[in-house]
1. Enumerate the calculated ³J(HN,Hα) couplings along region 8-16 in order (Karplus 6.51 cos²θ - 1.76 cosθ + 1.60, θ = phi - 60°), each rounded to whole Hz, writing x wherever the residue is Gly or Pro.
2. Between region 20-53 and region 86-104, how far is it from one alpha carbon centroid to the other, in angstrom?
3. Students often get this wrong, so try it: which of (i) 14.8; (ii) 16.3; (iii) 14.5 is Kirkwood radius over Cα pairs in Å as calculated from the structure shown?
4. Angle, helix 89-119 long axis vs. longest principal axis of the chain, Cα atoms, 0 to 90°, nearest 10?
5. What order do you get for I59, I13 when you list them from fewest to most C-beta neighbours inside 10 Å?
6. Using a Gaussian network for the chain with springs between C-alpha atoms less than 10 Å apart, which of these wobbles most: V88, V45, V70?
7. What is the dipole size for the chain, taken about its Cα centre, with +1 at each Lys and Arg Cβ and -1 at each Asp and Glu Cβ, in debye to the nearest 20?
8. Where in region 52-123 are there GluC sites (Glu not before Pro) that are in a DSSP coil and have at most 15 other Cβ atoms within 10 angstrom of their Cβ?
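We did not get these values from a lab; they are worked out from the coordinates using the rules stated. This is a predicted model, so every value here is computed, not measured. Please note: Cβ atoms are built from the backbone with ideal geometry, for glycine as well, and neighbour counts cover all protein chains shown.
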Amino acid sequence: MITWKNKSEFTAINLVNTVFGFALLAAPWLFGFSGETGATWTAVVLGALIALVALAAAIELREWEGWANVAFGVAAVVAPWLLGFSGVANAMWSHVGVGLAVAILAAVELWLMQRGSATGVTA
């Protein structure tokens with residue numbers, strides 16, 4: 001576990017990623033692509049994984065959670081092409097948008113963690 005003097009940025013990043021995860025999970029019904037089985041299952045599984053890992057990180061911060069959400073975000077970005085639903089615009093853009101946001105936020109979190117370790121900002 002990593003403890004920090006000022007953990008509020010990390011908590012905020014993880015709460016935002018939790019919201020993004022739930023948004024991806026709900027996207028098939030919000031944006032009307034629930035009839036696309038592959039896209040729906042991908043959104044549900046990746047959305048749930050993103051939300052659960054981010055929520056766990058908001059509760060108790062660990063570095064692996066940041067790396068996991070970078071991986072899940074990248075997986076969401078490439079999923080439309082790998083799984084063949086890039087022709088469904090709502091599904092594609094939901095996955096790409098959420099995936100990019102999650103991966104970028106998780107990468108920023110990892111950078112902040114590394115920066116804090118380098119400068120000795122631990123509790």
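1. 4, 5, 5, 5, 4, 4, 6, 5, 5
2. Cα centroid of region 20-53 versus Cα centroid of region 86-104: 10 Å apart.
3. (iii)
4. The answer is roughly 10 degrees.
5. Details: I59 10, I13 23.
In order of increasing Cβ crowding within 10 Å: I59, I13.
6. V88
7. It works out to roughly 180 debye.
8. Working: sites: E60, E63, E65, E109; in loops: E60.
For GluC sites (Glu not before Pro) across region 52-123 that sit outside H, G, I, E and B with at most 15 neighbouring Cβ atoms in 10 Å, the list reads E60.
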